[in-house]
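Asks: Provided herewith is a single structure, encoded as structure tokens, for subsequent inquiry.
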Amino acid sequence: MSIITLTSDFGNKDYAVAAVKARLFSLKSDLSIVDISHEIAPYQVVEAAFIVNAVYSQFPSKSIHIIGVDAEQGNAQKHLIVQIDDQIFIGADNGFFSLLQSVSPIQKIIEIKHPLSENSIFPMKDVFCEIAVKIAQQVPLEKFGKTIQTVKEWKQINPDLSNSNEIIGHIVYVDRFGNLITDISKTLFQQKVQNKKFEIKASSSKINKVYNKYDDFAVTESSVEIIKNKAGKAMAVFNSLDLLEIALYKSNPLHGGSASILLGLDVGDSIRIICD
Amino acid sequence: MSIITLTSDFGNKDYAVAAVKARLFSLKSDLSIVDISHEIAPYQVVEAAFIVNAVYSQFPSKSIHIIGVDAEQGNAQKHLIVQIDDQIFIGADNGFFSLLQSVSPIQKIIEIKHPLSENSIFPMKDVFCEIAVKIAQQVPLEKFGKTIQTVKEWKQINPDLSNSNEIIGHIVYVDRFGNLITDISKTLFQQKVQNKKFEIKASSSKINKVYNKYDDFAVTESSVEIIKNKAGKAMAVFNSLDLLEIALYKSNPLHGGSASILLGLDVGDSIRIICD
Amino acid sequence: MSIITLTSDFGNKDYAVAAVKARLFSLKSDLSIVDISHEIAPYQVVEAAFIVNAVYSQFPSKSIHIIGVDAEQGNAQKHLIVQIDDQIFIGADNGFFSLLQSVSPIQKIIEIKHPLSENSIFPMKDVFCEIAVKIAQQVPLEKFGKTIQTVKEWKQINPDLSNSNEIIGHIVYVDRFGNLITDISKTLFQQKVQNKKFEIKASSSKINKVYNKYDDFAVTESSVEIIKNKAGKAMAVFNSLDLLEIALYKSNPLHGGSASILLGLDVGDSIRIICD
């Protein structure tokens, strides 16, 4: 059974997501539809790309991913089918695909030729669903339009490595726990820091150790300190995406306690790592 | 595989929606369950009807729609099965069905006779699931109770057309983007306005053009103005439901910018269209 | 088709839930995945147990429930498979299972031996999915580790019955409507109160009757009072879980009106029932 995933900024209350699912099921009854997220901030293509990047490669090969963020055609913004890592993406050429490209090279780009592309106010339903279902039915990608060579580039800020003893990274996502996910990968960190002493400066917080899971913070510190006292303390971890993350241990942002709130940091803010 | 959709005001955190799905799967293992929305405001039958109206006809014929908003029986409020457009709805006779009727005539109304209807505090689970699954198994609707002729009427406010050069419409829904969806259809608008000049008055905002998609607002205006300057400006559009909608171009209500917030308008407020 | 349910504190925006589903579908394509809730408050094992307790027994026998709350292994916290009521649970030994046990005795406990258990920062994806899918493929539970006898106990507060004419219960959950669900079961209430007069004291509110559904509050009162006047009044009901619940009739917490807000009560606060 083909998997079609959905990502959008429509939220989970309105009718839009149900309209997309109704359209898909009216075209093909045996589908596994998986919601990646519909809580993308309105028009935030970068946020959508971060979330989709975090999961797409874990889906079975040839899964079809529909992206309904900033999806209208117009003003030179095309509708595309893009194949990466043997996964199929359908969405608008708004920069999203260049952010996926940063992980793995694009295998194929098709500029969609569809009668409703130009004038639809809701292309996720009117255009992308039909194409997704046809792809699930083994229609070759080339049937949907001409092959092109490039996608629109989104200027992405990368970690600044110009200083030999320093990484200046950035917060790229704040999760439900208020933890701060940065663009500093474990690989980059280890290349730069090696066996040297280091200090991570995140706002007022200074951190000298990076853990591999949250509970290691509580367990590996001296037994003098009671584990419970660790709750709410800032720590650094390589998270499940192998990205450096600044967290508060067992914090609950619903009650005001989170790395984002207590350190006053949000997406786009910088994090410095200084080594000897 | 039969499609059963769910609409409720239970939210996505509590146990209620999972209890309904557990009940459905315990009765029949091969079902496609589609959540329309569980974020309906508590007891807001009109909001539920707006959202269900927006999507139901796009589902495959004979889909079964369970409505779990204000669903208790009692005080002369019955449980009904209603067939419209070859779609099947199961819910309480609280006015919801009269709001669906406004789109298309009702084909059949069955007053449910079920041992748990009268006393259940959770009829969506205790009554509607069982009936939905039996309908999916081809049990005729007439087996569930007697045919009746009318549903409870909800007094609906319609656009006021009493003045020959004016439409007084109303905001019927505010979506995740804070856009204001009105009860003025494209058809009604075109009949009344024809080729005349018009002005849409929405609070302090005056609008003289209605676009067919959001991006047309940015593209079709004079090239003197930079497109980016359009962000946050009020515009009018015929949306995917063919209803007149007042929007802010690429607004983000999460940061305070939305048509609803900036114009100070909400559901029930009026919008005037004056033509020469 | 095997049912796998998911419960977590990951929320519905982030990538984590989609990562779990991607992993499941990459291991087995024909699965019915049901989200119980992903809006558990961060690390709130007791809240997770309340919600899972409310629904698990309604799923088909042999359903598999993955619990992704406070799930890291470490600090003597093991990963377990627990069988109760012929339902299978997979999660961390953080007290959650002892709260399930309060409803029904545990049939089997397996301490999971998995190469990724000890070091994974995301065991719901890295460990539990693989085990869930193998259980769905009929692998016996004993293949995943050794049988043990006990789970970690969570000290649970129970209703205080030490005074012969009194029940001191507690609020255990506040639902989307702001209704206050207590730990006083219908059975306990009836045993203690019998035919005596009683008064339920919830903050400033005094209630002398418990209804069996919400609408009975409006219907069974004297006809002198208009039903509409009941909206927003405090009432008591035995809810669908057969627990005593303090509610405001047809309240809407989105507009500030709920039992929780107006009575100033939240999880952990006590409710007293005094009988003659």
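Here, each number is a calculation from the coordinates, and none is a lab measurement. Predicted model only: the values in this text are computed from it and were never measured. Quick reminder, even Gly has a Cβ in these numbers, built from the backbone with ideal geometry, and neighbours come from all protein chains shown.
Asks: In degrees between 0 and 90, to the nearest 10, how far off the longest principal axis of chain B does helix B:16-27 point, with axes built from Cα atoms?
Replies: Its long axis makes an angle of about 50 degrees.
Asks: For the stretch C:142-214, run through the GluC sites (Glu not before Pro) and keep only the ones in DSSP coil with at most 15 other Cβ atoms within 10 Å of their Cβ. Don't skip to the answer; put the middle values down first.
Replies: On the way: sites: C:E142, C:E153, C:E166, C:E199; in loops: C:E153.
Hits after loop and neighbour filter: C:E153.
Asks: Shifting gears a bit: So what's the gap between the Cα centers of the stretch C:128-161 and the stretch A:233-270, to the nearest angstrom?
Replies: 31 Å
Asks: Using the 7 Å Cα-to-Cβ label point, sort the distances from C:E199 to its equivalents in the other copies shortest first and give them in nm to one decimal.
Replies: 6.4, 6.4
Asks: Using Cα-only point scatterers and the Debye equation, what is log10 of I(q)/I(0) for the stretch B:52-189 at each q in 0.14 Å⁻¹, rounded to two decimals?
Replies: -0.71
Asks: OK, next. Along the principal axes of its C-alpha atoms, what lengths does chain B span, in descending order and rounded to whole Å?
Replies: If we take the Cα atoms of chain B, the spans are 67, 39, 32 Å.
Asks: Nearest to the axis that maps chain B onto chain A: list the chain B residue whose Cβ wins, with the distance in whole angstrom.
Replies: Closest Cβ to the B-to-A rotation axis, residue and whole-Å distance: B:N12, 4.
Asks: Okay, next question. Along Cα→Cβ, 7 Å out, is where each label goes; now give me the distance between the ones at A:D160 and A:M1 in nm to one decimal.
Replies: Taking the simple label geometry, A:D160 and A:M1 are separated by 5.1 nm.
Asks: Sort B:K196, A:K21 so that the residue with the fewest other Cβ atoms within 10 Å of its own Cβ comes first and the one with the most comes last. Spell out each step's value before the answer.
Replies: Values: B:K196 10, A:K21 26.
Fewest-to-most ranking of B:K196, A:K21: B:K196, A:K21.
Asks: For a quick check, take a GNM of chain C with Cα springs below 10 Å and name the residue from C:D160, C:D126, C:D183 with the largest mean-square fluctuation.
Replies: C:D160
Asks: Where the label is 7 Å out from Cα toward Cβ, how close does A:T147 come to the same position in every other copy, in nm, shortest first?
Replies: Computed spacing set for this position: 6.0, 6.0 nm.
Asks: Quick one: angle between helix A:45-55 and the longest Cα principal axis of chain A, in degrees between 0 and 90, rounded to 10, please.
Replies: 80 degrees
Asks: Within the stretch B:3-147, count lysine pairs with alpha carbon atoms under 18 angstrom apart where the residues are 8 or more positions apart or belong to different chains.
Replies: The number of close lysine pairs in the stretch B:3-147 is 25.
Asks: At a temperature of 37 °C and a viscosity of 0.692 mPa s, determine how fast the stretch C:166-275 diffuses translationally according to Stokes-Einstein, using the Kirkwood radius over alpha-carbon pairs as Rh; express D in µm²/s, rounded to the nearest whole number. Walk me through the intermediate numbers first.
Replies: On the way: Rh = 13.9 Å.
Once the numbers are plugged in, D ends up at 236 µm²/s.
Asks: Another one. Can you return the lysines within cross-link range of C:K209? Criterion is Cα-Cα under 24 Å, with same-chain partners fewer than 8 residues away left out.
Replies: C:K186, C:K192, C:K196, C:K197, C:K201, C:K228, C:K230, C:K233, C:K250
Asks: So how do B:V69, A:V133 line up by other beta-carbon neighbours within 10 Å, fewest first?
Replies: Details: B:V69 26, A:V133 20.
Starting with the residue having the fewest Cβ neighbours, the order is A:V133, B:V69.
Asks: Hey, could you pull the Cα Rg and Dmax for the protein assembly as shown, both in Å?
Replies: 27.8, 83
Asks: Can I ask one more? Give the distance, in whole Å, between the Cα centre of the stretch C:166-201 and the Cα centre of the stretch B:49-105.
Replies: About 35 Å separates the Cα centre of the stretch C:166-201 from the one of the stretch B:49-105.
Asks: If you take the beta carbon distance between C:D30 and A:K152 as r and set R0 to 41 Å, what does 1/(1 + (r/R0)^6) give as a FRET efficiency, to the nearest 0.05? Kindly include the intermediate steps, with their values, before the conclusion.
Replies: Details: r = 38 Å, r/R0 = 0.93.
For C:D30 and A:K152, the calculated efficiency is 0.60.
Asks: What ranking of B:Y56, B:Y214 emerges when the number of other C-beta atoms within 10 Å of each C-beta is taken as an exposure proxy, fewest first? Mind dumping the intermediate values first?
Replies: Working: B:Y56 25, B:Y214 22.
Placing the least packed residue first, the sequence is B:Y214, B:Y56.
Asks: For the stretch A:1-118, go through all pairs of different Cα atoms, get the mean of 1/r, take its inverse, and jot down that Kirkwood value in Å. It would help to have the intermediate numbers written out before the result.
Replies: Working: mean 1/r = 0.0688 Å⁻¹.
Here the Kirkwood hydrodynamic radius works out to 14.5 Å.
Asks: Can I ask one more? For label points placed 7 Å from Cα toward Cβ, what is the shortest-first list of nm distances from A:K28 to its copies?
Replies: 2.3, 2.3
Asks: Which is farthest toward the positive dipole end of the protein assembly as shown among C:S26, B:L265, B:I184, measuring Cα position about the Cα centre, with Cβ charges +1 (Lys, Arg) and -1 (Asp, Glu)?
Replies: About the Cα centre, the residue reaching furthest to the positive side is C:S26.
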